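J.: I'd like to ask some things about the structure below.
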Amino acid sequence: MATRAANVPAARQTGGTVTLHFEDLAPGQTYDLGSVTIDETEMFEFARRFDPQPFHVDPVAAKDTPFGGIIASGWYTGSLFMRMYADAVLSNAASHGSPGCEEMRWLSPIRAGDVLRGWVTVFDVQPSSKRPDRGTAFMLGEFLRDGEAVFRIRYRGYFGRRKAATGRGSG
C-alpha cells in the first residue's frame, strides 16, 4: 500500500506541479471531468468483489428486480467519479484530503454502455480558522447521462494555500 507524507500535496509527491491552491477556488467555479463509458466487464468485476447483490452480478435474478436487469453498483459509480475528479482536479492541486461527503445519491440506474459526463462545482469556500496553511472548498459533483443527473455527491475538500495566512497584516 502506498503512503504519502503528511501535509505534502499529492501532486508534489508524484512529481507533478501544484497549480491549484485554495486561493484559486471560488463559488460558482465548475470543472469538467470529462466522460466515461461504463465498461461491462469492469462493472461486473467490481460488483462481484465489493457489492455482490443480485441486480449487480446475476443477470437472471436481476430480471425479476425493479431494475429489470443488471445495473452498476453505486459504489462503482462513486469510484469512477473519484478517479475522474482526481485526474481532472486533484492531480495538480494542493490537496490535503477530505473529511468526507455530506450526501451521495444514485438518482437513476446506470448500465453497461452508458456514457456519463462528470462535473464538479464549487459552492462555497472557507479559510480554516485552526490551520492557516489551508482552507475548505465545498463541492457538488454530478454525473450526467444524456443531460440528466444520475449521480450526485456533495462533499468538502481541503486545499493548501500558496502562503499561509499569518494574521499579521500584508507582506
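None of the figures in this text is laboratory data; all of them are computed from the coordinates on show. Here the structure is a predicted model, which means the values were calculated and not measured.
J.: Pick from 41, 77, 19: which residue has the top mean-square fluctuation in a GNM of the chain where Cα pairs under 10 Å get a spring?
T.: It is 41.
J.: What translational D, rounded to a whole number of µm²/s, comes out for region 34-97 from Stokes-Einstein when the hydrodynamic radius is the Kirkwood one over Cα pairs, at 4 °C and 1.567 mPa s?
T.: The estimated diffusion coefficient comes to 99 µm²/s.
J.: Given q = 0.11, 0.12, 0.18, 0.19 Å⁻¹, what are the Debye log10 I(q)/I(0) values for the chain, with equal point scatterers placed on the Cα positions and solvent ignored?
T.: -0.54, -0.63, -1.12, -1.20
J.: Under the rule of -39500 (n - 2.57) per DSSP H run of 4 or more residues, summed and divided by the residues of the chain, what mean residue ellipticity at 222 nm is obtained, to the nearest 500 deg cm²/dmol?
T.: Calculated at 222 nm, the ellipticity per residue is -6000 deg cm²/dmol.
J.: Find the relative contact order for region 18-160 and round it to a whole percent, using C-alpha pairs within less than 8 Å whose residues are 6+ positions apart.
T.: Answer for region 18-160 is 32 percent.
J.: A further question on this structure: How long is the gain from residue 17 to residue 32 if the chain were fully straight, where each residue apart is worth 0.36 nm and the alpha carbon distance is subtracted?
T.: 3.4 nm
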